[in-house]
1. Quick one: would you say PHE45 is out of contact with any Lys or Arg (no Cβ under 6 Å at 6 or more places or on another chain), closer than 23 Å to ARG22 by Cβ and among the aromatic types (Phe, Trp, Tyr)?
2. Here's a check for you: in the range 73-104, which residue that is under 12 Å from LEU6 (Cα atoms) and open to solvent by 80 Å² or more (accessible area, probe 1.4 Å) is modelled with the lowest pLDDT?
3. Could you give every pair whose Cβ atoms fall below 9 Å, whose first residue belongs to the range 18-31 and is closer than 10 Å to LYS104 by Cβ and open to solvent by 50 Å² or more (accessible area, probe 1.4 Å), and whose second residue is assigned to a strand (DSSP E or B) and not β-branched (Val, Ile, Thr), counting only separations of at least 6 or pairs across chains?
4. Residues to consider are SER184, SER114; find the one that is within 23 Å of the chain's Cα centre (by Cα) and among the small types (Gly, Ala, Ser).
5. For the range 151-195: of the residues being at pLDDT 85 or above, under 18 Å from PHE112 (Cα atoms) and among the basic types (Lys, Arg), which is surrounded by the fewest Cβ atoms within 10 Å (Cβ to Cβ)?
6. Restricting the search to the range 32-42, which residues are open to solvent by less than 50 Å² (accessible area, probe 1.4 Å) and farther than 15 Å from ILE74 by Cβ?
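The values are calculated or read from the model by the stated rules, or taken from the named source; none is laboratory data. Because the structure is a prediction, the values reported are computed rather than measured. Positions of Cβ are generated from backbone atoms using ideal geometry, with glycine treated the same way; all protein chains shown enter the neighbour counts. Surface areas here come from the heavy atoms of the whole protein model, side chains and all, with no ligands, DNA or RNA. Shrake-Rupley method; radii C 1.70, N 1.55, O 1.52, S 1.80 Å.
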Amino acid sequence: MITITLNSDRFTVLHFLQDHRRVMKAFDGFAITKEGVILWKGKEFHLTKKEVSLFDVTYNLSRTSILGRNDITIRFSVLPKNSFCLISVNTEPRKLESMLNEKKFREEFDIFQSESLALSKPVLAMSVSREKIPEVLELAISKSVGQVLLLWFSSNDDKYVRIKLKNGELIEKIGDFEDISSDSVNVIVKQIAIA
């Protein structure tokens, strides 16, 4: 069993876990080929069942070959605490637990959480040239006094930078502006709390 701590509420974590396309990216050697089909070590497994409850998300994968049926079960149990959730990951066969890349899992969750925040009502949404990013940051820093702002910069090549500002100071940064290669950058600014 592997345990991962995420700073989020249970419903957000459950919402993330039921998206198998995102979650399976965190397992080394697994790839999603098409809806409901997962490739592992060159073999196709079908997602035969996905169960979601208030405390668990379970994937059942199956493959039939001339040697018989091969089943994989992956269970994510969510234990909510005060401001975070503990996720226990159990797999059958057990060897798959060692294939879970915790860093990739957290990165996928951060992307999911950022996209969810960005999709809720933004204060401002625009497209700017790369050269204008410092100007946008300067404006956001001055506007973040007395509040918390989330800035989401993204490009057409699925690269992104997420910045959280509070009272004129940077409190969180995910991603790197050097990774955004397109000339046009989409910017979403959202007020997420009052300081």
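1. On the way: out of contact with any Lys or Arg (no Cβ under 6 Å at 6 or more places or on another chain): no; closer than 23 Å to ARG22 by Cβ: yes; among the aromatic types (Phe, Trp, Tyr): yes.
Here the answer is no, as PHE45 does not meet what is asked.
2. SER83
3. Taking only residues 6 or more apart or on different chains, the pairs are LYS25/ALA31; ASP28/LEU100.
4. Numbers: SER184 fails: within 23 Å of the chain's Cα centre (by Cα).
Matching residue, one of SER184, SER114: SER114.
5. The residue in question is LYS173.
6. VAL37
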